[in-house]
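S.K.: Have a look at the structure that comes next, please.
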Amino acid sequence: MSREKVLSLLRERQGEYLSGEAMSRTLGISRAGVWKAIEGLRQEGYVIASAPNRGYCLEEAPDKLRAGELSGPLAGALVGSQLLCLDVTDSTNTECKRQAMAGAKEGLVVTAEEQTGGRGRRGRSFQSPRGKGLYLSALFRPKLEPARTADFTAWVAVAVCDGIEACCGVRPKIKWTNDIILGGKKLVGILTELGLESESNTLDYLVTGIGVNVNEISEDFSPEVREIATSLFQELGRPVRRAELAAQIALALDRMYAVYPRGKQDYLERYRADCITPGHQVQLITASARRQAFALEIDDNFNLVVELHNGRRETISAGEVSVRGMYGYV
């Protein structure tokens, strides 16, 4: 824990010298404890200069997701007020749900360097190569009826676009209902799961998981998804620090949750502006059939309104069917 606190101080003042005595006073640990934390960070790949009478200066940092990287940028935010940064887990959503059932408070953020069982919608796997992507889940406990949270994932999609834009200077688009698209290919998957109180059937928690392809190259994706998936590295032509992206997405989630659900009109308008599905031919896919339709608009409840070949209109709710483009991924 001292190592994370020392790292957080150094990150806040990166490029500047901070004396061991000052860190000792701020953190309430001995100067020997500070030195031990510095040495541990150096062994992990952090380049930390030291100079007599000046202290320590963080010059370079590896691309790692850890509390010391995130706690400073997220200070004062509800989302990220608790951090669980893991090396490997089966799924950040599964771990976040375990923490929720054990009584964790809302605002918990779980990250991992690698997932061995990353999941998407409808039980699909989400490829999670080590150290390449951002795998992040957040815990919420809104005091709402379960049915009133049906649009939560759509709000999250807007927040993810906000976070990516803040970090990278480019705003992706949304493929209804919750795939984030850049360059015509899938960049982000979002999976929201809820838990109910067994006796009252009231909402206990919401866990939203966000998987971002950050620094993958084409060969990191399996042949099955290579043609439809992309990464920020591939689209921007430069690497992106995952810790910075995680912080910006968490901050965007924090701003979103602060106005949920009363800020619906603003997020609905922004969702409509970001969503690329209306105006395209789509396939409506269920377990038993595929139907062609034309996507018309997003209604006031974030549902997709489509027109079938016979001219009849249908309103599609998230989770009822999969919607895929007729020509390419989008």
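S.K.: Relative contact order for segment 1-144: what percent, with Cα pairs under 8 Å and sequence separation of 6 or more?
M.R.: On the way: 246 pairs, mean separation 28.2, N = 144.
For segment 1-144, the relative contact order is 20 percent.
S.K.: How about segment 238-330: which trypsin sites (Lys or Arg not before Pro) there are in a DSSP loop, with at most 11 other Cβ atoms within 10 Å of their Cβ?
M.R.: Loop-located and lightly packed - Arg262, Arg312.
S.K.: Over the chain, with a Gaussian network built from C-alpha contacts below 10 Å, which listed residue (Val79, Val306, Val110) shows the highest mean-square fluctuation?
M.R.: Result for the chain, Cα springs under 10 Å: Val306 fluctuates most.
S.K.: Another one. Quote to one decimal, in nm, the extra length available between Thr26 and Arg226 on full extension: 0.36 nm per residue of separation minus the C-alpha distance between them.
M.R.: So the extension gain works out to 67.2 nm.
S.K.: Can you tell me the Rg and the Dmax, both Å, for the Cα atoms in the chain?
M.R.: Cα-based Rg and Dmax for the chain come out at 21.6, 80 Å.
S.K.: Whenever you get a sec, line up Lys185, Lys143 from highest to lowest accessible area (probe 1.4 Å, protein heavy atoms).
M.R.: Largest accessible area first, the residues go Lys143, Lys185.
S.K.: With runs of 4+ DSSP H residues as the only contributors, calculate the mean residue ellipticity of the chain at 222 nm using -39,500 (n - 2.57) per run, divided by the residue total and rounded to the nearest 500.
M.R.: -8500 deg cm²/dmol
S.K.: As a test of reading the structure, rank Val160, Val259 by solvent-accessible area (1.4 Å probe, protein chains only), most first.
M.R.: Ranking Val160, Val259 by accessible area, largest first, yields Val259, Val160.
S.K.: Let me ask something else. Going out from 0 in 5 Å bins, what whole percent of all Cα-Cα distances in segment 198-330 drops into each bin?
M.R.: 2, 8, 12, 15, 16, 18, 16, 10, 4, 1, 0
S.K.: Let me ask another. Measuring with a 1.4 Å probe in the full set of protein chains, what accessible area per residue, in whole Å², belongs to segment 63-199?
M.R.: Counting only protein heavy atoms, the per-residue value for segment 63-199 is 39 Å².
S.K.: Oh, and also: Measure nothing but the geometry: give the 0 to 90° angle between the long axis through the Cα atoms of 92-101 and the longest principal axis through the Cα atoms of the chain, rounded to 10°.
M.R.: 80
S.K.: Could you report segment 233-330's accessible area per residue, 1.4 Å probe, as an integer in Å²?
M.R.: With all protein chains present, segment 233-330 gives 51 Å² per residue.
S.K.: Starting from the eigenvalues of the Cα gyration tensor, five times each then square-rooted, give me the equivalent ellipsoid semi-axes of segment 162-272, largest first, whole Å. Intermediate results must be reported in sequence, preceding the final value.
M.R.: Working: eigenvalues 158, 62, 37 Å².
Semi-axes, largest first: 28, 18, 14 Å.
S.K.: Ok, one more. Roughly speaking, to the nearest percent, how much of the chain's 1.4 Å accessible area is carbon and sulfur?
M.R.: Ligands and nucleic acids excluded, carbon and sulfur reach 48 percent.
S.K.: Let me ask something else about it. Report ³J(HN,Hα) in whole Hz for each residue of segment 67-83, in order, from the Karplus equation J = 6.51 cos²θ - 1.76 cosθ + 1.60 where θ = phi - 60°; Gly and Pro get x.
M.R.: So the Karplus estimates, Gly and Pro as x, are 4, x, 7, 9, 5, x, x, 9, 4, x, 8, 6, 6, x, 5, 10, 10 Hz.
S.K.: Please identify the GluC sites (Glu not before Pro) of segment 125-207 that satisfy two criteria: DSSP loop assignment and at most 11 other Cβ atoms within 10 Å. Which are they?
M.R.: Filter output for segment 125-207: Glu197, Glu199.
S.K.: Please give the FRET efficiency for Ile217 paired with Ile276, using the beta carbon to beta carbon distance and R0 = 35 Å, rounded to the nearest 0.05.
M.R.: For R0 = 35 Å, the calculated efficiency reads 0.90.
S.K.: If I fit a long axis through the Cα atoms of helix 31-43 and take the longest principal axis of the Cα atoms of the chain, what angle between them do I get, 0 to 90°, rounded to 10?
M.R.: Its long axis makes an angle of about 50 degrees.
S.K.: Next question, about the same structure. Which angle between 0 and 90 degrees, to the nearest 10, do you get for helix 2-12 versus the longest principal axis of the chain when only C-alpha atoms count?
M.R.: 80
The values are calculated or read from the model by the stated rules, or taken from the named source; none is laboratory data. Here the structure is a predicted model, which means the values were calculated and not measured. With ideal geometry, Cβ positions are generated from the backbone for all residues, glycine too; neighbour counts draw on all protein chains shown. Only protein heavy atoms, including side chains, enter the accessible area calculation; ligands, DNA and RNA are left aside. Shrake-Rupley method; radii C 1.70, N 1.55, O 1.52, S 1.80 Å.
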